[in-house]
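See below for the structure under consideration.
The values are calculated or read from the model by the stated rules, or taken from the named source; none is laboratory data. Just so you know, these numbers come straight off a predicted model, no measurement behind them. Counting neighbours? That spans all protein chains shown, and the Cβs are built from the backbone with ideal geometry, glycine included. Side chains are part of the model used for accessible areas, which takes the heavy atoms of the whole protein and leaves out ligands, DNA and RNA. Shrake-Rupley method; radii C 1.70, N 1.55, O 1.52, S 1.80 Å.
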Amino acid sequence: MGGVYIHVPFCRKKCFYCDFYKTTAVSQKPLFLQALHREIDLQCGYLGNEPVETVYFGGGTPSVLLPSEIADILAHIRRYHTFDNHVEVTVEANPDDLSSTYLKELKKVGVNRLSIGIQSFHAEDLKQMNRRHTRDQAVHSVYDAREAGFNDISIDLIYGLPGLSMARWEENLRQAMDLPATHLSAYHLTYHEGTMFFHWLKKGQLKEIPEDESIAQFEMLIDISAEAGYEHYEISNFARNQAYSKHNSAYWKGKKYLGLGPSAHSYDLISRQWNIADLYHYLKSLDQGVLNFEKEILSPKDRLNDFLITRIRTKWGLDLNELQSVFSQKARNKLEISAEKYLKSGLLQKTGDIISLSRKGIMVSDEIMLALLSEEDQ
Ligand code: SF4
């Protein structure tokens, strides 16, 4: 099984924390679509004969696309690939793009999952982040999506924002839990270089929240989402009724994926490649029928470390038998030695041959993952 990721690089407005590749030149959409269709042709062999299990429209803001444009892209991919019977087709969307008519049309063209970028229900936070939507638009978008027949609805929230009090974060969470969504992705704010937030932080115009508050907000997220029936299945992801994101799960299970559009990444088990993160050069290359990407062949050490990091971050954990059969007995032994101190301190837990993060361990997952990384080929 394989996945297809399509990066739609347009945003009507840039959010102050965001470091995804995007442009506000929405007028370039027709040229982008032309180039994207060309790229689908040129990359038709990338996934081999793998049936497509997931198609993910990310961005940028894929909800700038008309449903008919999404239908054309899906039809074009289908010319080369069989879609699995239970294919998951996700569109990331901004709440203010999701009118009832738009939602119904999306459903008709085969989109069956939405990922709605809500981030916060508070006007103050939304303004601070330069988001376009209002609280009411966020709430209505989820109800309208249900009404239009979407059963799989994911919402995104951000915590750790400057000035975000525990009380306001709790209100955000309780509001999110009341909505008829099935999936939640919640990320702590990161100050990425090149963003306005990073710039303001460096100039002293913004202050990071203290670390103990960051941890307390994460703890609150885990507790409130669990009370509301959400299962914490990956560090930043929560699902109700096992509505796990198939697209992300495929990534965590090390499956192949093809990335299309500027800045999109692809992976074929032995190498990674990433498209040029620049719309102008992307269009220019494809106009000449040429793909514009950089590529890295993965060494055995890279593959091992990818395996460790992607497996340990989910509730399904890292299977030592799988590690041994995919890599070697030596890799297993080495991992068992590195994991020992974390098992003793209760940051990792072991059930049979599966090692996973404990609740305490999730709080310091970066440190644990770093310690488990191998420094040599196994
Ligand atoms: S967060 Fe989403 S909508 Fe905002 S600038 Fe980034 S890609 Fe665009």
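Can you tell me which residues in segment 326-378 are without any contact (Cβ under 8 Å) to a residue 12 or more places away in the chain and on the phi > 0 side of the Ramachandran plot?
352
Tell me which residues, restricted to segment 16-70, are out of contact with any His (no Cβ under 9 Å at 6 or more places or on another chain) and among the β-branched types (Val, Ile, Thr).
Within segment 16-70, 23, 24, 26, 61, 64, 70 qualify.
Need at least 3 residues that are open to solvent by 20 Å² or more (accessible area, probe 1.4 Å), under 26 Å from residue 263 (Cβ atoms) and charged (D, E, K, R) per element, so show me which helices (runs of 4 or more DSSP H) inside segment 276-371 make the cut, counting only ones lying wholly within it. Step through it out loud before you land on a result.
Working: elements: 279-287, 300-312, 320-326, 329-344, 359-362.
Because the criterion is at least 3 residues that are open to solvent by 20 Å² or more (accessible area, probe 1.4 Å), under 26 Å from residue 263 (Cβ atoms) and charged (D, E, K, R), the helices (runs of 4 or more DSSP H) in segment 276-371 that meet it are 300-312.
Restricted to segment 1-14, and to residues that are open to solvent by less than 30 Å² (accessible area, probe 1.4 Å) and closer than 23 Å to residue 119 by Cβ, which residue is farthest from the ligand (Cβ to nearest atom)?
6
I want to confirm something. Restricting to segment 19-36 and keeping residues that are buried (at least 19 other Cβ atoms within 10 Å of the Cβ) and part of a loop (DSSP other than H, G, I, E, B), which single residue is nearest to the ligand (Cβ to nearest atom)?
Step by step, filter segment 19-36, then rank; the result is 22.
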